[in-house]
Structures are given as structure tokens and as C-alpha cells.
Amino acid sequence: VEAFLDSRANDQESFTFTPPGEGFTKSGTYVQSGTTITITIANHGIAIGDVVTIDFSSGATDGSYTVATAVDANTFTVTAASSATISSTAVSVTLSGAKKFVCESWSKSIPYNNRASISATFRQVFEA
């Protein structure tokens, strides 16, 4: 742990971490018109720019998509690589809770024999 924190604090390289309770998988329906895929999921909690993993029951290609628009609390769109017309079909969408962080600083103390206490400060970064 010390080597990891020391190297990250010195080089400021980011690392990926998924905080407990972050991310989700929800089910709904979708339609496709041209390259626009419109997904309807009650209270989806997804924002423009989020990268989601989509499992289409049929029709469109499964994979990672970037959210193009968040129409409202229940509807958002992504862009398909190829044009098609698909009527309402089931879909499953997963939003990863993984985020990028850098270690700003850290310290270690040994208040008792054979026990170390490590304190670290992390900052979330937004990068591609």
C-alpha cells in the first residue's frame, strides 16, 4: 500500500476506483430511428456524456455507448454506428461506478507496536 500511495502521490498518475454502492444496471425499452437510439427507463439517473454498457435484447449492437442527450428523468439517447428502424424492444443498461482519482498526499503513523495508521487524500479527476 505504501509503495502504491508513494508512487501515485509523486507522479500524480490517476487510478480507477469504484466507490461502494456506485453504478447500477436497469432495464427498460428502446426504439431506433436512423442512428438515434432512444431508451426509456424509469428514473434512469443517467447524464449527458456518461458511458453506459447496453445489452439489447435484439436488433441493435450490444456494447459501450456515450449518452448523447438526457431528454428527461425517464428517457435518454445514444448514437448507433449504423442506421436502422427498430420498434420497442427490451434493453438492459449498466452505468459503471468506476471513477478516476489521484492521490494528493498521504501519511503513515505507527501509534502502537505492529499497528500502522495510514491517512490519504484523494481528488477525483475527469479525463478520457
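Points worth noting:
- The set of residues from the range 91-111 being in a strand (DSSP E or B) and either exposed (fewer than 13 other Cβ atoms within 10 Å of the Cβ) or of a type in the set (D, E, K, R) (or both) comprises K99, K100, E104, S105, S107, K108, S109, I110, P111.
- Residue satisfying all of: in the range 17-46; out of contact with any Gly (no Cβ under 8 Å at 6 or more places or on another chain) and of a type in the set (A, V, I, L, M, F, W, C); surrounded by the most Cβ atoms within 10 Å (Cβ to Cβ) among these: I37
- Checked against (1) in contact with a Leu (Cβ under 7 Å, 6 or more places away or on another chain); (2) over 26 Å from T18 (Cβ atoms), S33 passes all but condition (1).
- Residue in the range 112-122 that is under 30 Å from N10 (Cα atoms), in a strand (DSSP E or B) and out of contact with any strand residue (DSSP E or B) (no Cβ under 6 Å at 6 or more places or on another chain) present: yes
- Strands (runs of 3 or more DSSP E) fully within the range 1-57 counting 3 or more residues that are more than 30 Å from K108 (Cα to Cα) and more than 18 Å from the chain's Cα centre (by Cα): 24-40
- The numbered conditions (1) among the aliphatic types (A, V, I, L, M); (2) under 21 Å from E22 (Cβ atoms); (3) in contact (Cβ under 8 Å) with a residue 60 or more places away in the chain are all true for I118 except (2).
- Positions within the range 47-75 being open to solvent by less than 40 Å² (accessible area, probe 1.4 Å) and either out of contact with any strand residue (DSSP E or B) (no Cβ under 6 Å at 6 or more places or on another chain) or under 14 Å from S92 (Cβ atoms) (or both), in sequence order: V52, I54, F56, A60, G63, Y65
- The listed residue being in contact with a helix residue (DSSP H, G or I) (Cβ under 8 Å, 6 or more places away or on another chain) and either closer than 25 Å to F126 by Cα or of a type outside the set (F, W, Y) (or both), out of E22, E13: E13
The values are calculated or read from the model by the stated rules, or taken from the named source; none is laboratory data. Keep in mind the model is a prediction, meaning the values are calculated, not measured. All Cβ positions, even for glycine, are placed from backbone atoms using ideal geometry, and neighbour counts span all protein chains on display. Ligands, DNA and RNA are stripped out before the accessible areas are found, and what is left, the full protein with its side chains, is counted by its heavy atoms. Shrake-Rupley method; radii C 1.70, N 1.55, O 1.52, S 1.80 Å.
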